[in-house]
Amino acid sequence: MEHKVALVTGASRGIGRAIALTFAKNGYDVVINCIKNAEALAALQKDIELCGVQCLACIGDVGNPSFVEYMFRQISSHFGTLDVLVNNAGISYVGLLTDMAPADWKLVMDTNLSSVFYCSSKAIPMMLEKKCGRIINISSMWGTCGASCEVAYSASKGGMDAFTRALAKELAPSGITVNAIACGVIDTDMNRGFSEEELEALAEEIPIGRFGTPEEVADFALQIAKGNAYLTGQIIHLDGGYL
């Protein structure tokens, strides 16, 4: 039986790694990407191949349209198709907006938002051929309500949410769904910069009383990929009741 193919950007660690493994365990061939951590990506590729599926690893910056074009040529050559795109690559910037350099702003926007455009624009033609496909954007609750000292990150995720709603309307007649998972506080390396006291205080603010896990995000992404074809254009909060 021919496997479906999923691409996960930012897959070397955290949420992206969990998503890639979860899809592999459920019979998907997986394309994994990260910007520079070749060792982590190679280790993930081995774990994915142990699931009995194929894996293509592509190292490069999805915020660079030239690399994305190259990556999709590789996908076309290896698999000839793409069924699921998970736009997960993302970075944060914590600090006052007045201290932020234009280059830092551009890096956040290129990585978190422009990459979604670059990858989606290349994935859509592959999905149109079959009139079927899933685009899943990994967003954040801060895209809805904003976070102090994370203006660029919040803006990039708010842009992702608007992108999701608009593209869903554009692609719905073609059988391609577009949804976003607005994550709450997930236990990943992105939160390692906070002190133990800050993390404890943040956990106390969450009604469910704890951080989410990358595996919980991954399970939900799989549900969207395999689930209801009538679900599109939605920003679904996975935040333990925070908002």
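A few comments on the model shown:
- On inspection, A20 passes the criterion of being in contact with a helix residue (DSSP H, G or I) (Cβ under 9 Å, 6 or more places away or on another chain), in a helix (DSSP H, G or I) and small (G, A, S).
- Residues of the range 23-37 satisfying the condition of being open to solvent by less than 50 Å² (accessible area, probe 1.4 Å) and either more than 14 Å from C55 (Cβ to Cβ) or not in a strand (DSSP E or B) (or both): F23, A24, G27, Y28
- Which numbered condition I48 fails, given (1) open to solvent by 20 Å² or more (accessible area, probe 1.4 Å); (2) touching a Cys at 6+ places or on another chain (Cβ under 7 Å): (1)
- Only residues that are under 17 Å from the mean Cα position of the chain (by Cα) and open to solvent by 40 Å² or more (accessible area, probe 1.4 Å) were counted across the range 66-100, and they come to 2.
- Flag for T81 being of a type in the set (V, I, T), within 21 Å of L222 (Cβ to Cβ) and part of a loop (DSSP other than H, G, I, E, B): yes
- Residue within the range 169-180 that is at pLDDT 95 or above, within 21 Å of Y93 (Cβ to Cβ) and of a type outside the set (D, E) present: yes
- Single match in G63, G10 (criterion: on the phi > 0 side of the Ramachandran plot and either in a helix (DSSP H, G or I) or among the small types (G, A, S) (or both)): G10
Residue-by-condition table, conditions (1) open to solvent by less than 40 Å² (accessible area, probe 1.4 Å); (2) touching a Pro at 6+ places or on another chain (Cβ under 9 Å); (3) under 30 Å from E170 (Cα atoms); (4) part of a helix (DSSP H, G or I):
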site	(1), (2), (3), (4)
L199	yes, no, no, yes
A203	yes, no, no, yes
G209	no, no, no, no
D219	no, no, yes, yes
Q223	no, no, yes, yes
A229	no, no, yes, no
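- Restricting A43, A57, A103 to residues that are open to solvent by 30 Å² or more (accessible area, probe 1.4 Å) and closer than 26 Å to E150 by Cβ narrows the list to A103.
- Count of residues meeting criterion [open to solvent by 10 Å² or more (accessible area, probe 1.4 Å) and either in contact (Cβ under 8 Å) with a residue 12 or more places away in the chain or hydroxyl-bearing (S, T, Y) (or both)] in the range 121-154: 21
- Meets criteria (among the aliphatic types (A, V, I, L, M) and in contact with a Lys or Arg (Cβ under 8 Å, 6 or more places away or on another chain)) for A182: yes
- Test: A18 is touching a residue at least 12 places away in the same chain (Cβ under 8 Å), within 13 Å of the chain's Cα centre (by Cα) and more than 19 Å from V116 (Cβ to Cβ): yes
- Unmet criterion (only one of (1) closer than 19 Å to G90 by Cβ; (2) not hydrophobic (A, V, I, L, M, F, W, C); (3) not in a helix (DSSP H, G or I)) for G143: (3)
- Taken over the range 89-134, the criterion of being of a type in the set (V, I, T) and part of a helix (DSSP H, G or I) is satisfied by T98, V108, T111, V116, I124.
- Residue check for T188: in contact with a Leu (Cβ under 8 Å, 6 or more places away or on another chain), in contact (Cβ under 8 Å) with a residue 24 or more places away in the chain and either open to solvent by 10 Å² or more (accessible area, probe 1.4 Å) or not basic (K, R) (or both): no
The values are calculated or read from the model by the stated rules, or taken from the named source; none is laboratory data. What you are looking at is a predicted structure, and each value in this text was computed from that prediction instead of being measured. FYI the Cβ positions are ideal-geometry reconstructions off the backbone, even for glycines, and counts take in every protein chain you see. Accessible surface areas use protein heavy atoms only, side chains included; no ligands, DNA or RNA. Shrake-Rupley method; radii C 1.70, N 1.55, O 1.52, S 1.80 Å.
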